[in-house]
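The values are calculated or read from the model by the stated rules, or taken from the named source; none is laboratory data. From a predicted model like this one, the values you see are computed outputs, not experimental measurements. Cβ: placed from backbone, ideal geometry, glycine included. Neighbour counts: every protein chain shown. All accessible areas refer to the heavy atoms of the entire protein, side chains included, with ligands and DNA or RNA removed. Shrake-Rupley method; radii C 1.70, N 1.55, O 1.52, S 1.80 Å.
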Amino acid sequence: MGAPYPRSPRLEGGAEPSFLPSSSSVWTALGRCAPPSMQGNTRRTGVMTDVHRRFLQLLMTHGVLEECDVKRLQKHCYKVHDCNATVEKLEDFINTINSVLESLYIEIKKGVTEDDGRPIYALVNLATTSVSKMASDFAENELDLFRKALELIIDSDTGFASSTNILNLVDQLKGKKMRKKEAEHVLQKFVQNKWLIEKEGEFTLHGRAILEMDQYIRETYPDAVKVCNICRSLLIQGQSCETCGIRMHLPCVAKYFQSSSEPHCPHCNDYWPHEVPEVFDPEKERETGMSRSNKRPSRSRQH
């Protein structure tokens, strides 16, 4: 039996959650995974090749991508390094990369967006350490702002924290003092780096942050954490039963009640009073995207 999987200890003193190890350590590990004679051979099952390496490098650059973009990225990498090869099934392709990343406690993880169920992929750290990617990108007071925003989001019933409530906490930040105008700029940096999502002046966690910080959130906020009754995954935003209080992700609500004319709570069987969203359909999304791209923008006549 192999070594036990590392558990991340509860961070004391508000220590930041960890993220990815340095890119140099990743490439050092990848450089040992296959001899040069194999590196261009994409037909060898389970062997890391230049196709896999380029894919991983580009995914590291983006941080998180929707599944449709991941598939396009995979095809691009084949086109660059081995255009004559058959494109491997995405699941097998990613499993090959993950088998090598396992020793670094990193994984390309699949999840879905909480609002509409779009499949996403992110490169996440499975171990918690004191050195983090986020810590290298942000100052101490900026990280503390993120922690306070996270706490407000986790403690809220809706999974959102208003910018006003977050900015009201700037006087409590550790490290260098921060003005509210600066804090607004930092919040936008979190949005740009795909740790937060902003909707009408309120902030929630991006899918990347949920995938990356699942274990950290469960261990740091055990009394406030919410779990979906269907998939048992961490839940930040969703719907809840007004009778028994169980919660469900919107995509889980959509799938569970897909064929129900009168939806009832899966736990207490009382009527489900919320609007049931549509199930995300990638084919429909693709057709919609194609129809939009085929429409030429109309030009307004100049007066």
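What do you reckon, is Val51 surrounded by 16 or more Cβ atoms within 10 Å (Cβ to Cβ), closer than 16 Å to Tyr121 by Cα and in contact with a helix residue (DSSP H, G or I) (Cβ under 8 Å, 6 or more places away or on another chain)?
Considered against the rule, which asks whether it is surrounded by 16 or more Cβ atoms within 10 Å (Cβ to Cβ), closer than 16 Å to Tyr121 by Cα and in contact with a helix residue (DSSP H, G or I) (Cβ under 8 Å, 6 or more places away or on another chain), Val51 comes out as no.
I'd like to verify a number: residues in segment 238-264 that are within 30 Å of Lys148 (Cβ to Cβ), in contact with a helix residue (DSSP H, G or I) (Cβ under 9 Å, 6 or more places away or on another chain) and open to solvent by less than 20 Å² (accessible area, probe 1.4 Å), how many?
1
Take segment 189-217 and flag every residue that is touching a residue at least 40 places away in the same chain (Cβ under 8 Å), closer than 20 Å to Ala139 by Cβ and within 12 Å of the chain's Cα centre (by Cα).
If the condition is that a residue be touching a residue at least 40 places away in the same chain (Cβ under 8 Å), closer than 20 Å to Ala139 by Cβ and within 12 Å of the chain's Cα centre (by Cα), then Asn193, Lys194, Trp195, Leu196, Glu212, Met213 are the ones that fit.
Hand me the list of strands (runs of 3 or more DSSP E) wholly inside segment 63-169 holding 3 or more residues that are closer than 21 Å to Ile236 by Cβ and open to solvent by 10 Å² or more (accessible area, probe 1.4 Å).
The qualifying strands (runs of 3 or more DSSP E) are 106-112, 119-125.
Name the residue that is nearest to Cys68 (Cα to Cα), counting only residues in segment 229-283 that are over 23 Å from the mean Cα position of the chain (by Cα) and not in a loop (DSSP other than H, G, I, E, B).
Here is the first cut: in segment 229-283, the residues over 23 Å from the mean Cα position of the chain (by Cα) are 241-246, 257-276.
Checking which are not in a loop (DSSP other than H, G, I, E, B) leaves us with 264, 271.
Numbers: His264: 33, Tyr271: 36 Å.
The selected residue is His264.
Go through (1) closer than 24 Å to Val227 by Cα; (2) in a helix (DSSP H, G or I) one by one and return the number of the condition Ala183 breaks.
Exception for Ala183: condition (1).
Looking only at residues in segment 178-211 that are in contact with a Ser or Thr (Cβ under 9 Å, 6 or more places away or on another chain) and of a type in the set (D, E, K, R), which one is nearest to Gly111 (Cα to Cα)?
Filtering segment 178-211 for residues that are in contact with a Ser or Thr (Cβ under 9 Å, 6 or more places away or on another chain) and of a type in the set (D, E, K, R), the one nearest to Gly111 (Cα to Cα) comes out as Glu198.
From Phe203, Phe190, which residue is closer than 22 Å to Tyr121 by Cα, modelled with pLDDT of 95 or more and open to solvent by less than 80 Å² (accessible area, probe 1.4 Å)?
Answer to the selection: Phe203.
For segment 207-230, give me the residue count where each residue is polar (S, T, N, Q) and more than 18 Å from Leu196 (Cβ to Cβ). Quick ask: steps written out before the conclusion?
Pass one, segment 207-230, residues polar (S, T, N, Q): 215, 220, 229.
Applying the additional criterion that residues be more than 18 Å from Leu196 (Cβ to Cβ) yields 215, 229.
Qualifying residue count for the region: 2.
Mind listing whichever residues of segment 218-235 are touching a residue at least 60 places away in the same chain (Cβ under 8 Å) and open to solvent by less than 10 Å² (accessible area, probe 1.4 Å)?
Leu235
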